[in-house]
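What follows is a set of notes on a single structure, which appears directly below.
The values are calculated or read from the model by the stated rules, or taken from the named source; none is laboratory data. Nothing here was measured: the structure is a model prediction, and the numbers come from that model. Because the Cβ atoms are built from the backbone with ideal geometry, glycine has one as well, and the counts that use them run over all protein chains shown.
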Protein chains: 2
Amino acid sequence: MTDTAQSTKPVAGPLSDFEQSLVALGVSAASAFSLPKSVGAMFGLTFASPVPLALDDYVHRLDISKGSASQGLKFLQRMGAVRPVYVSNDRRTLYEPEMSLRRLLIGILNENVFPHLQQSGERVEHLREQLKDVPKEHRELLKDRLDTLEGWGKKGRMVWPLAEKVLSGPLKKKK
Amino acid sequence: MTDTAQSTKPVAGPLSDFEQSLVALGVSAASAFSLPKSVGAMFGLTFASPVPLALDDYVHRLDISKGSASQGLKFLQRMGAVRPVYVSNDRRTLYEPEMSLRRLLIGILNENVFPHLQQSGERVEHLREQLKDVPKEHRELLKDRLDTLEGWGKKGRMVWPLAEKVLSGPLKKKK
DNA sequence: CAATAAGTTCATTTTTTCTTGAACTATCTG
DNA sequence: CAGATAGTTCAAGAAAAAATGAACTTATTG
């Protein structure tokens, strides 16, 4: 370790209370969205750190394997929860947290929700065709259900743009 | 099997194409929200069925165990995705699907998201106190982060009422 | 009340998902 | 170039989640 750059300290040692709390918070938040614990912990630590962190920091401070850290960082980056920072004289990649709720949610939804939901739209199409094979006495009822189903998709698509505005905008005064 | 009531047929046999498609759709949707496959399949079948179904129907038609079916139904009921129907001369409990997207989403969020997120609010409080133990040169930056974090919570709480309106209301004409 | 049917519970097994760690690529550094 | 350093990959192990099935509880019914 060439201890030339004072800005590149290993940031070692056990977690401070503050860091521990944020790691724990990250873990809960992760489980709320059914993401792996380690990913939540990594985000929490990133969030708690005033300086950007490198892969090895996660390994040592969270006591996880290099493999987990590497994959976790890739994942956090892919979903835009964390962003790489390049510092001269340091060939490691450092990471700092994404602070925009909107981008965070987009990331989560892109990774976990939308991919599965996407295909659903196309399938309703196909369901309508199959409708002709159901006993005539039920056809009408089931057609109504498919209409409802289609409506769900439309409504879902209506909500996001709306939500986006709130999430990216400033906090408005109460009332 | 006392074959007296013609309305209480076992609804046996393999799944029709229509049913299969909806079961598959249910499974994808479930995985989008990180719910068990079996739960998605059960909802799909319920949705595809013009008549309410009993526990045994799920067991036989989806080829799952009685245990799974029982637990799955309890879960679907708890999250309001399915509702019990009582029919005279049938001592079984029959289930039909919830057709309100709003209620469905409330159910999912109540079961999986809110419980975890709830406690987060209280924790931010605690984090502020711990702030006094961090090195003074970082205190300001970290305080800003906590403010942001608090803002996330507030924004989240702002989105839901908005979304609710869209989800429960009628589909408006395009533009 | 004995037999049957509906439904629940929960210890065990199965399946899926996470994590690990060792081997590997690539890059710097003296 | 030899030796660190940074990071990736992926087979295998560990842990968590879901499904099974047998034993039970409660009704119901002849």
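Worth pointing out:
- Condition met for A:Arg123 (assigned to a helix (DSSP H, G or I), buried (at least 16 other Cβ atoms within 10 Å of the Cβ) and of a type outside the set (Ser, Thr, Tyr)): no
- Residue in the stretch A:82-101 that is crowded, with 16+ Cβ neighbours inside 10 Å, assigned to a helix (DSSP H, G or I), more than 8 Å from chain B (Cβ to nearest Cβ) and in contact with a helix residue (DSSP H, G or I) (Cβ under 9 Å, 6 or more places away or on another chain) present: no
- Identity of the residue in the stretch A:102-127, at pLDDT 90 or above and over 28 Å from B:Lys155 (Cβ atoms), that ends up farthest from the other protein chains (Cβ to nearest Cβ): A:Glu125
- Qualifying residue in the stretch B:17-35 (condition: within 15 Å of DNA strand C (Cβ to nearest atom) and among the charged types (D, E, K, R)): no
- Restricting the stretch A:42-64 to residues that are out of contact with any helix residue (DSSP H, G or I) (no Cβ under 7 Å at 6 or more places or on another chain) and near DNA strand D (Cβ under 9 Å from one of its atoms), the residue that is nearest to A:Leu15 (Cα to Cα): A:Asp57
- Within the stretch B:56-81, the residues that satisfy the criterion of being in contact with a strand residue (DSSP E or B) (Cβ under 9 Å, 6 or more places away or on another chain) and either within 7 Å of DNA strand C (Cβ to nearest atom) or within 14 Å of chain A (Cβ to nearest Cβ) (or both) are B:Leu73, B:Ala81.
- Count of residues meeting criterion [touching a residue at least 60 places away in the same chain (Cβ under 8 Å) and either polar (S, T, N, Q) or out of contact with any helix residue (DSSP H, G or I) (no Cβ under 6 Å at 6 or more places or on another chain) (or both)] in the stretch A:12-41: 2
- Only one of the numbered conditions (1) charged (D, E, K, R); (2) over 19 Å from A:Leu109 (Cβ atoms); (3) in contact with a helix residue (DSSP H, G or I) (Cβ under 8 Å, 6 or more places away or on another chain); (4) more than 8 Å from chain B (Cβ to nearest Cβ) is violated by A:Asp133, and that is (4).
Conditions tested, residue by residue: (1) assigned to a helix (DSSP H, G or I); (2) over 16 Å from the mean Cα position of the chain (by Cα); (3) modelled with pLDDT under 95; (4) not aliphatic (A, V, I, L, M).
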residue: B:Ala12; (1), (2), (3), (4): no, yes, yes, no
residue: B:Ser21; (1), (2), (3), (4): yes, yes, no, yes
residue: B:Ser31; (1), (2), (3), (4): yes, no, yes, yes
residue: B:Ser38; (1), (2), (3), (4): yes, no, no, yes
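- Flag if A:Tyr86 is in contact with a Ser or Thr (Cβ under 8 Å, 6 or more places away or on another chain), more than 27 Å from B:Gly151 (Cα to Cα) and aromatic (Phe, Trp, Tyr): yes
- Some residue of the stretch A:46-66 being within 23 Å of B:Lys136 (Cβ to Cβ) and assigned to a strand (DSSP E or B): yes
- Scanning the stretch B:140-169 for residues that are crowded, with 18+ Cβ neighbours inside 10 Å and more than 8 Å from every other protein chain (Cβ to nearest Cβ) turns up just one, B:Leu146.
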